[in-house]
1. To the nearest 10 Å², what's residue 184's accessible area with a 1.4 Å probe?
2. Over the heavy atoms of residue 3, what accessible area does a 1.4 Å probe trace out, to the nearest 10 Å²?
3. Can you divide the C-alpha Rg of segment 56-148 by 2.2 N^0.38 Å and report the result to two decimal places?
4. With the crude spin-label approximation of a point 7 Å out along Cα→Cβ, what separation in nm comes out for residue 33 versus residue 269?
5. Simple spin-label model, 7 Å along Cα-to-Cβ: residue 220 to residue 45 in nm?
6. Sorted by accessible area (1.4 Å probe), largest first, how do 81, 117 line up?
7. Under 19 Å from the 7 Å Cα→Cβ point of residue 89, by amide nitrogen: which residues of segment 22-51?
8. State, to one decimal in nm, how far the label point of residue 200 lies from the label point of residue 82, with both points 7 Å from Cα in the Cβ direction.
Amino acid sequence: MLHLRVISPSERTGEVLHMLAAEPGATHVTLALSAAIDPPGDVIEADVARACANDVLAALTALDLVRTGGIVFEPTGTVLSCAGERADAAAPTRPDETVVWEQLLGQAREGSRLTYSFLAFLAIAFLLSAVGVATASLLTLVGAMVVGPEFRPLAALSVGLVRRDIGLVRNSARTLAISFPAAMVVTALATLLWIRLGWIGVGDVENARAFDFIYEVGPFSLVVALLAGAAGMLALVNYSSTVLVGVFISVTTVPAAGLAVVAVFAGKWNVVLSSLAQLGVNLIGIVLAGVAVLLLLLLRAGRQGRSVMRREPRSGPPRSHGAPADATGSRRPTLRPDRPIPGEHECQD
């Protein structure tokens, strides 16, 4: 479930409560009158089934609360509640089949930005991969894969393509187009320094036969890239940890870039071109897999990427929004449960 916190102007609070009362996937609704200071208004909180989140967020956005108040939502963690179980059961789809678009778009926009920290992590990953290739150290290569941050803009590019968000696609492509060459230049300069100092030798790059999987483009190059992209997007959509998935994705990108740089100094231009081709195939495969996963989830949910309230409201009498007048003489909304929880310690369907 997702925990929702809304700051609502007093004149909109009744509409928000009415919408939540009609939403079968919303529960644990609370109201604090005039509790918000900046922006001023009432604070409404609720737990919403993940599969209903798009509908609820769309309805709140339609009430102009993004401009006049505020909407915050986040995972709830563990929920022990009969009402929560009923809300989950009322959801039209399973939680792992739902894309919460506002959250995914927020993550995508953040991941598409070109920042100094992103450049630093990518450069460090490339440096580690260059050292791993030059010294034939698989452990160092694994370390490079752990550090690699490249999945964020790749995932953002997939989201932008599915949502047809030109700005997101442009920012993601710009981040990739600038960061990869920049990190490779930094790696080339560092490699040149290490050669001058005698710390590494590149005359034996032929020993990179142990790393054939890095630069030899074959049918499994695209297969691995597609699997990595699909795993990464599923982890992103389902709030799963992306650390190990990031390592899997970096297997297809970071070592190829590091090997291409080292091979330049060894004069192995066939290895350079093959590594760059491998890198290109993998980047394209990851993005295409991300797009495919999102389209399949959309098809499964029957959403077409937009949220609309299509389900029947919860059964039972509507919740009353009437209340005694406040100090200004206007009636303020309150909320009461539409039905009691059956049983004291046992949930019922």
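1. Surface accessible to solvent at residue 184 totals approximately 40 Å².
2. The value for residue 3 is about 50 Å².
3. On the way: Rg = 21.3 Å, N = 93, 2.2 N^0.38 = 12.3 Å.
That works out to 1.73 for segment 56-148.
4. Each label point lies 7 Å from its Cα, and together they span 8.0 nm.
5. Label at residue 220, label at residue 45, 5.2 nm between them.
6. On the way: 81 25, 117 65 Å².
Final ranking, largest accessible area leading: 117, 81.
7. Counting only backbone N, you get 22-29, 47-51.
8. About 6.4 nm separates the two model spin labels.
The values are calculated or read from the model by the stated rules, or taken from the named source; none is laboratory data. Keep in mind that what you see is a predicted model, and the values were worked out from it rather than measured. Glycine also receives a Cβ, built like all others from the backbone with ideal geometry; neighbour counts cover every protein chain displayed. To get the accessible areas, we keep the full protein, side chains included, count just its heavy atoms, and leave off ligands, DNA and RNA. Shrake-Rupley method; radii C 1.70, N 1.55, O 1.52, S 1.80 Å.
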